[in-house]
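**Q** Shown below is the structure under consideration.
The values are calculated or read from the model by the stated rules, or taken from the named source; none is laboratory data. The shown structure was predicted, so the numbers you read here are calculated from the model rather than taken from an experiment. Backbone-built Cβ (ideal geometry, glycine too); neighbour counts: all protein chains shown. Side chains included, ligands, DNA and RNA excluded: accessible areas come from the protein's heavy atoms. Shrake-Rupley method; radii C 1.70, N 1.55, O 1.52, S 1.80 Å.
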Amino acid sequence: MSDTYSHDLAKIIVESKGTDRYLKVSYPVIYGINSIIETKEYSYYFNLLGEIKYIKPLMKIWPGDEWLKRTAANKWVYYTPGIYTGIYSYIGEYYLPCFQYVSNTIFAYRPFENTEVYRAIESMNTLHEIINVILSELLPGKIDEFLRQVQKNTPEHLMKKSMNFQEILGNEISVLPPDARHVDYDVIPIIISDGCLYNCGFCMVKSGNAYKVRSRPDIEQGLRDIKKYYDRDLVNYNSIYLGLHDSLMAGEEIIIDTIRKASGMFGFEHSYIKGRNLFLFGSVESILNSSDSLYLLLNQTGYYVYINTGLESADDATLNLINKPLNSKVISDAFHKILELNRKYENIELTMNFIIGGNLTDSHYRSIIDLCDRHLPGKYGKSCMYLSPIAGNMNHGEMQNKFKEIKHSINIPAFLYLIQKM
């Protein structure tokens with residue numbers, strides 16, 4: 001049961017229980033167990049470590065029912081449900097996440113250019129002043145403890161902690177799997193490999209490094225460090241991201257051993273959030289070469305497993321243009337295997353990416369539709385295709401039209417791939 005305390009300057013609720021499962025809704029949903037400080041202007045939500053997680057205005061200073069969320073890596077995301085009609089048809093969610101950093105979004109809305117949005121973030125400084133006043137009085141034990149915890153987590157402290165986060169991971173997470181949208185991108189990252197097999201020319205998130213699997217001691221140390229980083233707030237998570245860009249290539253022993261160790265260390269069976277999810281990237285090569293026993297074991301882990309793979313194009317000229325060292329026959333084989341694996345394994349969902357925009361020709365777009373026509377004669381409900389915008393001559397409106405054209409021409413659900421970081 002939560003503890004509540006009212007003061008002239010703020011109302012405080014410690015460990016309020018929010019929603020315990022991820023939902024597809026268009027209004028702000030507070031997941032997990034959080035503590036709340038409500039002033040005259042904003043509601044501030046804090047995780048179990050006293051770190052700010054959400055900010056919602058109490059006055060109509062932003063359009064519609066919109067909110068801010070701070071990620072584990074200390075990046076702010078602005079959520080809007082009402083800027084674009086039919087947003088669900090574009091991204092599979094009823095809200096649009098907007099980022100402070102450069103992404104591949106094809107929507108022109110830029111909320112971080114709004115002074116009121118930055119004012120909300122900067123209001124954390126005023127909040128700390130309010131807390132100082134409240135702490136000068138005699139308070140109930142849990143209220144006092146919570147406020148002192150929040151006071152330690154100044155914006156400067158959170159920035160320093162985020163730098164430690166990058167040190168623990170040993171790499172910036174430049175993109176999360178698009179399927180992580182199903183859990184609002186709230187994932188515990190475990191890095192088991194670095195680099196990329198292909199380092200394609202069009203890609204804006206590639207490291208440029210050759211692919212390499214991490215050693216078992218390094219992975220185990222990473223597990224211990226990340227558990228310490230999330231600490232008490234682990235109870236608010238139910239999902240793992242195995243990174244980085246082609247974890248499937250790491251092989252059966254590393255993958256399954258890491259999942260088992262993580263499950264034991266993180267105690268997801270005690271999570272407040274229902275269910276368990278595992279997200280990872282694959283590649284064309286790792287999809288085609290991975291063993292049946294790996295998928296059988298993944299299917300039995302107790303997680304619902306999402307594997308996302310970049311196919312990019314089924315047109316040879318386009319594959320050559322984007323410097324992807326594969327041909328259309330291999331892409332077609334990988335597409336077919338993805339569909340077969342989805343049909344075979346109840347707890348595994350493989351999704352695929354293709355590119356749109358840039359300087360791509362009609363033969364590229366035709367190749368996507370033809371590929372679906374050959375392999376998907378009827379509607380295909382499980383899984384989806386993500387269309388990833390790339391830089392080039394096509395403007396936002398043209399990309400939206402091209403997306404809708406492809407979406408309505410294929411027998412598998414299609415959504416935009418938004419590059420969202422950790």
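**Q** Using the alpha carbon gyration tensor of region 245-308, what are the three equivalent-ellipsoid semi-axes (square root of 5 times each eigenvalue), largest first, in whole Å? Each step should come with its number before you reach the end.
**A** Values: eigenvalues 99, 27, 21 Å².
The answer is 22, 12, 10 Å, longest axis first.
**Q** Projected onto the charge dipole of region 11-59 (+1 at Lys/Arg Cβ, -1 at Asp/Glu Cβ, origin at the Cα centre), which of I33, L23, N47 gives the Cα projection farthest towards the positive end?
**A** Comparing the listed Cα positions along the dipole, L23 ranks first.
**Q** Could you give me the ³J(HN,Hα) list for region 397-408, computed from phi with Karplus coefficients 6.51, -1.76, 1.60 and θ = phi - 60°, whole Hz, x at Gly and Pro?
**A** Taking θ as phi minus 60°, the curve returns x, 5, 5, 4, 5, 5, 4, 5, 4, 5, 3, 7 Hz for region 397-408.
**Q** With charges set only on the Cβ (+1 for Lys and Arg, -1 for Asp and Glu), what does the dipole of region 188-315 come to about its Cα centre, in debye to the nearest 20? Intermediate results must be reported in sequence, preceding the final value.
**A** Numbers: 12 positive and 15 negative charges, 103 e Å.
Approximately 500 debye in magnitude.
**Q** Separate question: Long-range amide H contacts for T80: which residues qualify at under 5 Å (H placed 1.01 Å from N, peptide plane, sequence gap of 5 or more or a different chain)?
**A** L96, C98
**Q** Quick one: among S286, S174, S215, which has the greatest mean-square fluctuation in a GNM of the chain with alpha-carbon springs under 10 angstrom?
**A** Result for the chain, Cα springs under 10 Å: S215 fluctuates most.
**Q** Can you give me the Kirkwood hydrodynamic radius for region 132-270, using every pair of distinct Cα atoms, in Å to one decimal? Walk me through the numbers on the way to the answer.
**A** Working: mean 1/r = 0.0581 Å⁻¹.
Hydrodynamic radius (Kirkwood, Cα only) of region 132-270 equals 17.2 Å.
**Q** Amide H to amide H, which residues 5 or more places from F354 or on other chains are under 5 Å from it, using H placed in the peptide plane?
**A** It is E312, Y386, L387, S388, by chain and number.
**Q** Hand me the tally of lysine pairs in region 271-422: alpha carbons under 16 angstrom apart, and the pair either on different chains or 8 or more positions apart.
**A** Numbers: K329/K337; K337/K382; K344/K382; K379/K407; K382/K407.
Taking the Cα cut-off of 16 Å, the pair count is 5.
**Q** Amide H of I191: which non-local residues (sequence gap of 5 or more, or other chain) have their own amide H closer than 5 Å, using H built in the peptide plane?
**A** G243
**Q** Relative to 2.2 N^0.38 Å, what does the C-alpha radius of gyration of region 92-143 come to as a ratio? Two decimals please. Walk me through the numbers on the way to the answer.
**A** Values: Rg = 17.8 Å, N = 52, 2.2 N^0.38 = 9.9 Å.
So region 92-143 has a normalised radius of gyration of 1.81.
**Q** In whole Hz, with x marking every Gly and Pro, tabulate ³J(HN,Hα) for region 412-421 from phi via Karplus 6.51 cos²θ - 1.76 cosθ + 1.60, θ = phi - 60°.
**A** In residue order, the calculated couplings are 9, x, 10, 9, 6, 9, 9, 6, 10, 7 Hz.
**Q** Run the dipole for region 73-179 about the Cα centre, Lys and Arg Cβ at +1, Asp and Glu Cβ at -1, nothing else charged, and hand back the magnitude in debye, nearest 20.
**A** For region 73-179, the charge dipole is close to 60 debye.
**Q** Related question: Taking the Cα atoms of region 1-41, report the difference between the largest and smallest coordinate on each principal axis, in whole Å and largest first.
**A** On the principal axes, region 1-41 reaches 36, 25, 8 Å in Cα extent.
**Q** Also, quick follow-up: In Å, what is the Rg of the alpha-carbon atoms in region 4-154, and how long is Dmax?
**A** Over region 4-154's Cα set, Rg and Dmax evaluate to 16.3, 52 Å.
**Q** Within 10 Å of each candidate Cβ there may be at most 11 other Cβ atoms; applying that plus a DSSP loop requirement, which GluC sites (Glu not before Pro) in region 294-369 survive? Walk me through the numbers before you get to the answer.
**A** On the way: sites: E312, E340, E346, E349; in loops: E346.
Answer by residue number: E346.
**Q** How large is log10 of I(q)/I(0) for the chain at q = 0.10 Å⁻¹ when the intensity is taken from the Debye formula with one equal scatterer per alpha-carbon?
**A** Here log10 of I(q) over I(0) equals -0.72.
**Q** Quick check: at a probe of 1.4 Å, how many percent of the accessible area of the chain sits on carbon and sulfur atoms? Please report the intermediate quantities before stating the final value.
**A** On the way: 8830 of 17620 Å².
Roughly 50 percent of what the probe reaches on the chain is carbon or sulfur.
**Q** Then there is this: Averaged over every viewing direction, what's the projected area of the C-alpha convex hull for region 18-66? Give it in nm², one decimal, please. Intermediate results must be reported in sequence, preceding the final value.
**A** Details: hull surface 14.8 nm².
Spelled out: convex hull of the Cα atoms, projected over all directions, averaged, 3.7 nm².
**Q** Let me ask something else about it. Using Cα pairs under 8 angstrom and six or more residues apart, how large is the relative contact order of region 1-68, in percent? Please list the in-between numbers first.
**A** On the way: 122 pairs, mean separation 15.5, N = 68.
It comes to 23 percent, rounded to a whole number.
**Q** Let me ask something additional. One-quarter of the Cα convex hull surface for region 321-422, in nm²?
**A** Numbers: hull surface 29.9 nm².
Answer in nm², one decimal: 7.5.
**Q** Another question about this same structure. Given a cut-off of under 8 Å on Cα pairs at least six residues apart, what relative contact order in percent is computed for the chain?
**A** Relative contact order, the chain: 14 percent.
**Q** May I ask you to give the solvent-accessible area per residue for the chain, in square angstrom, as obtained with a 1.4 angstrom probe? If you can, show how the numbers build up before the last one.
**A** Values: 17620 Å² over 422 residues.
For the chain, the solvent-accessible area averages 42 Å² per residue.
**Q** Full extension from K17 to S293: what is 0.36 nm times the residue separation minus their Cα-Cα distance, to one decimal in nm? Intermediate values should be presented prior to the final figure.
**A** Values: separation 276, 0.36 × 276 = 99.36 nm, distance 3.99 nm.
Residue separation times 0.36 nm, minus the Cα-Cα distance, leaves 95.4 nm.
**Q** From the residues S123, S286, M163, which one has its Cα farthest along the dipole of the chain in the positive direction, the dipole being from +1 and -1 charges on Cβ of Lys/Arg and Asp/Glu about the Cα centre?
**A** Selected residue: S286.
**Q** Looking at region 253-316, which trypsin sites (Lys or Arg not before Pro) are in a loop (DSSP not H, G, I, E or B) and have at most 12 other Cβ atoms within 10 Å? Please list the in-between numbers first.
**A** Working: sites: R260, K261, K274, R276; in loops: K274, R276.
Here the trypsin sites (Lys or Arg not before Pro) that fit, given the DSSP loop and packing criteria, are K274.
**Q** Let me ask you something else. So for each of 102-111, 412-421 I average, over its residues, the number of other beta carbons within 10 Å; can you give me the resulting order with the highest mean first?
**A** Values: 102-111: 16.4, 412-421: 20.7.
So the order, starting with the most tightly packed, is 412-421, 102-111.
**Q** Which ³J(HN,Hα) values in Hz, rounded to whole numbers, follow from the phi angles of region 290-305 under the Karplus curve 6.51 cos²θ - 1.76 cosθ + 1.60, where θ = phi - 60° and Gly and Pro get x?
**A** The phi angles translate into 5, 7, 4, 5, 4, 5, 4, 5, 4, 5, 9, 6, x, 9, 8, 9 Hz.
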